[in-house]
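The values are calculated or read from the model by the stated rules, or taken from the named source; none is laboratory data. Computed from a predicted model, the values in this text were never measured in an experiment. Backbone-built Cβ (ideal geometry, glycine too); neighbour counts: all protein chains shown. All accessible areas refer to the heavy atoms of the entire protein, side chains included, with ligands and DNA or RNA removed. Shrake-Rupley method; radii C 1.70, N 1.55, O 1.52, S 1.80 Å.
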Amino acid sequence: MEKKANLLEDSNLCVKNKGEIKINEKVRIGGDQILVMAGPCAVESEEQLMATAEGVKSSGAHLLRGGAFKPRTSPYSFQGLKKEGLKLLQKAKDITGLPVITEILSENEIELVAETADILQVGTRNMHNFALLRELGRINKPILLKRGFAATIKEWLSSAEYILQEGNTDVILCERGIRTHDNYLRNTLDLNAVVAAKSMSNLPVVVDPSHGTGDSKYVPAMAKAAVASGADGLLIEVHNSPNMALCDGSQSLDIEQFEGLICDLKALSRVLDRKI
Ligand code: PEP
Ligand code: MN
């Protein structure tokens, strides 16, 4: 792969990554494939997870997302089902055959989470947790690194370096919206960052329009804009019954809305000469 010009000194971003990451025997990210990861913000119950997993699978998602360990702003909010949530994710994975992405909050849980997760997600709040990033650099599983909500593009890529430096080159970058002067929506989805990160590195870049907007009615438009900007994939919150969600219901698509979005994305990806 051609070495791209990059702005970081002593960088591994371009040298080591091959531009394509293998998630399992069937699923890859990078190249002409656009990868769709979908599911609830949090794993809440067996019924909720199974219904959502089946729904996103039949609509065409490639991976199931779902948080078992939840990093909530308030300690009084639902913190996730933790170990129980991982067991449910494993069950959903066995039933649907979909690989799973779930968040890792601490070094202490890496081994446990990696038993079920096909991709370990580092959330926006942990982008600066260098001890965690270093540990994740020593495992043999892809890492999705979300951009900190107040991080510059260079700081985000520097965090990726912490993982790469330890030997794990399977890093996927995820733009999920940043905090700006505007607070009409939950965040400002920065699609400049997609184009910039792709020009600065060979790492796949995905977009999370759910946290990027905070409102399900804006998610489809921004998901399409993300793909048009060159994103290699999407991380989308979908719930079988968004009104009942314990976490992020207002930004979650229902199954029908998700199915409609996939249909639009298929048409768009044909124009862009990519696959979904
Ligand atoms: C999530 O994906 O559910 C999440 C907590 O995301 P973020 O870290 O972007 O807030
Ligand atoms: Mn969420």
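The alpha-carbon atoms of the stretch 124-214 define a convex hull whose volume equals 81 cubic angstrom per residue. A cut-off of 5 Å between modelled amide H atoms, ignoring neighbours fewer than 5 places along the same chain, links SER216 with GLN251, SER252. Packing here is the average count of other Cβ atoms within 10 Å per residue, and on that basis the peptides 60-68, 89-97, highest first, run 60-68, 89-97.
Percent of Cα-Cα pairs more than 34 Å apart in the chain, please. Everything past 34 Å amounts to 10 percent. Across the stretch 34-90, the volume of the C-alpha convex hull divided among the residues equals 80 Å³ per residue.
The phi-based Karplus calculation (6.51 cos²θ - 1.76 cosθ + 1.60; θ = phi - 60°) puts the 3J(HN,Hα) values of the stretch 243-254 at 5, 9, 4, 7, 7, 6, x, 5, 9, 8, 6, 8 Hz, whole numbers, x for Gly and Pro. May I ask you to derive the relative contact order of the stretch 161-235, considering only C-alpha pairs under 8 Å and at least 6 residues apart, and to give it as an integer percent? Relative contact order for the stretch 161-235 comes out at 30 percent. Picking from GLU103, GLU259, GLU25, which is most flexible by a Gaussian network model of the chain using Cα springs under 10 Å? With Cα springs under 10 Å in the chain, the top fluctuation among GLU103, GLU259, GLU25 is at GLU25.
At a threshold of 8 angstrom on Cα-Cα distance, excluding pairs fewer than six apart, so keeping six or more, what relative contact order does the stretch 119-201 reach in percent?
Values: 136 pairs, mean separation 23.4, N = 83.
Here the relative contact order equals 28 percent.
Protein heavy-atom accessible surface, 1.4 Å probe, per residue over the chain: 43 Å². Taking the alpha carbon gyration tensor of the stretch 77-175, multiplying each eigenvalue by 5 and rooting it gives semi-axes of 23, 15, 12 Å, largest first. Here the stretch 59-124 is described by how far its Cα atoms reach on the three principal axes: 34, 26, 22 Å, from widest to narrowest.
How much net charge surrounds ALA267 when only the other residues with a Cβ under 14 Å from the Cβ of ALA267 are counted, with Lys and Arg +1 and Asp and Glu -1?
On the way: positive: LYS224, LYS266, ARG270, ARG274, LYS275; negative: GLU259, ASP264, ASP273.
The answer is +2.
For LEU144, the residues whose modelled amide H falls within less than 5 Å of its own, excluding neighbours fewer than 5 places apart on the same chain, are LEU120, GLN121, VAL122, ILE172. Of the chymotrypsin sites (Phe, Trp or Tyr not before Pro) in the stretch 51-100, the ones in a loop by DSSP (not H, G, I, E or B) with at most 11 other beta carbons within 10 Å are TYR76.
The mean sequence separation of alpha-carbon pairs under 8 Å and at least six residues apart, normalised by the residue count of the chain, gives a relative contact order of 22 percent. Comparing Cα centroids, the stretch 226-276 and the stretch 67-120 end up 21 angstrom apart.
Summarise the accessible area of the stretch 28-138 (1.4 Å probe, protein heavy atoms) by the percent that is carbon and sulfur. Present the calculation step by step, with values, prior to reporting the outcome.
Working: 2070 of 4310 Å².
It is 48 percent, rounded to a whole number.
For ILE110, neighbours were defined as the other residues whose beta-carbon sits under 13 Å from its Cβ, and their charges (Lys and Arg +1, Asp and Glu -1) total -4.
Taking loop as defined by DSSP and a crowding limit of 15 other beta carbons within 10 Å, which trypsin sites (Lys or Arg not before Pro) in the stretch 174-276 fit?
ARG179, LYS217
Round to the nearest 0.05 the FRET efficiency obtained for SER74 and ARG138 when R0 = 35 Å and r is the Cβ-Cβ distance.
On the way: r = 32 Å, r/R0 = 0.92.
Efficiency, from the Cβ-Cβ distance: 0.60.
In this simple spin-label approximation, ASP182 and GLU155 carry label points 7 Å from Cα along the Cα→Cβ vector, and these lie 2.1 nm apart. When the Kirkwood hydrodynamic radius is evaluated over all pairs of different C-alpha atoms of the stretch 130-276, what value in angstrom, to one decimal, is obtained? Across the stretch 130-276, the inverse of the average 1/r is 16.0 Å. Amide H neighbours of GLY67 under 5 Å, at least 5 residues apart or on other chains, H built in the peptide plane: list them. So GLY67 has HN proximity to ALA42, VAL43.
For GLU115 and LYS22, the difference between the fully extended length at 0.36 nm per residue and the C-alpha to C-alpha distance is 31.8 nm.
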